[in-house]
Amino acid sequence: DGGITQSPKYLFRKEGQNVTLSCEQNLNHDAMYWYRQDPGQGLRLIYYSQIVNDFQKGDIAEGYSVSREKKESFPLTVTSAQKNPTAFYLCASKDRGHSGANVLTFGAGSRLTVL
Amino acid sequence: AQSVTQLDSHVSVSEGTPVLLRCNYSSSYSPSLFWYVQHPNKGLQLLLKYTSAATLVKGINGFEAEFKKSETSFHLTKPSAHMSDAAEYFCVVSGNAGNMLTFGGGTRLMVKP
């Protein structure tokens, strides 16, 4: 079945460490997104990529970095510069060929806790 | 600019009674509107979407929503709540030139037996 796989599901990090969250999709979607979710705040866009080797900052990109070397992969690195990284991180993708529908498919999320 | 406001952060209903989750939006363009559902520690799943066709949209699991342009609303309803409906629900608008999505803050639905 096609879908989005995020790993790890749970991750603990010490302050000052960088961590990388994996996101892989086999939907052949062009666009991929990273969102951060905090209680009561909905989803906030961190980074997005509409095509391989290209990505743009979202609303809260500071302290994060991404790469898009392959169509199916869009890893997110949470750097030590991110002041409050404890959150639930969601990866999503969209087929640009159906832009009229503009429907996102989500992964199951990764919960990062900083100790 | 676009924005979306979910008017209730928490809604509690009894099983078998109607559900109403309220959403208001603003958009400079003709918007597309969506409702997503999220069960605990899971990703989001699309319930339904409005994309300028019929104003009453039917989704999965018996949910529906009505687009009311004059009221800038897109409220989600279900005639009879089930225990499995307990989850968080997000209203989402897409109406800008870049087709970017803006999420509401979410409404947590609790269903009492």
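Derivation of every value follows stated rules applied to the coordinates shown; laboratory data play no part. All figures in this text were calculated on a predicted structure; none of them were measured in a lab. Don't worry about glycine lacking a Cβ; one is built from the backbone with ideal geometry, like all the others, and counts go over all protein chains shown.
Structure values in brief
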| read-out | value |
| --- | --- |
| Index of the failed condition, A:Val78 passing every other in (1) closer than 14 Å to A:Tyr33 by Cβ; (2) away from chain B (no Cβ under 11 Å); (3) crowded, with 21+ Cβ neighbours inside 10 Å | (1) |
| Scan of segment B:52-66 for residues that are surrounded by 17 or more Cβ atoms within 10 Å (Cβ to Cβ) and not hydrophobic (A, V, I, L, M, F, W, C), ordered by number | B:Gly59 |
| Strands (runs of 3 or more DSSP E) within segment B:14-66 that include 3 or more residues aliphatic (A, V, I, L, M) | B:19-21, B:44-50 |
| Boolean, B:Phe74 is surrounded by 12 or more Cβ atoms within 10 Å (Cβ to Cβ), aromatic (Phe, Trp, Tyr), part of a strand (DSSP E or B) and more than 10 Å from every other protein chain (Cβ to nearest Cβ) | yes |
| Any strands (runs of 3 or more DSSP E) falling wholly within chain A and containing at least 3 residues that are not aliphatic (A, V, I, L, M) | A:4-7, A:10-13, A:19-25, A:31-37, A:43-51, A:54-57, A:87-94, A:110-114 |
| A:Lys57 being free of Cβ contacts under 8 Å to residues at least 24 places away in the same chain, within 13 Å of chain B (Cβ to nearest Cβ) and of a type in the set (D, E, K, R) | yes |
| Matching residues in segment B:18-50 - criterion: being in contact with a Pro (Cβ under 9 Å, 6 or more places away or on another chain) and surrounded by 12 or more Cβ atoms within 10 Å (Cβ to Cβ) | B:Val19, B:Tyr25, B:Tyr50 |
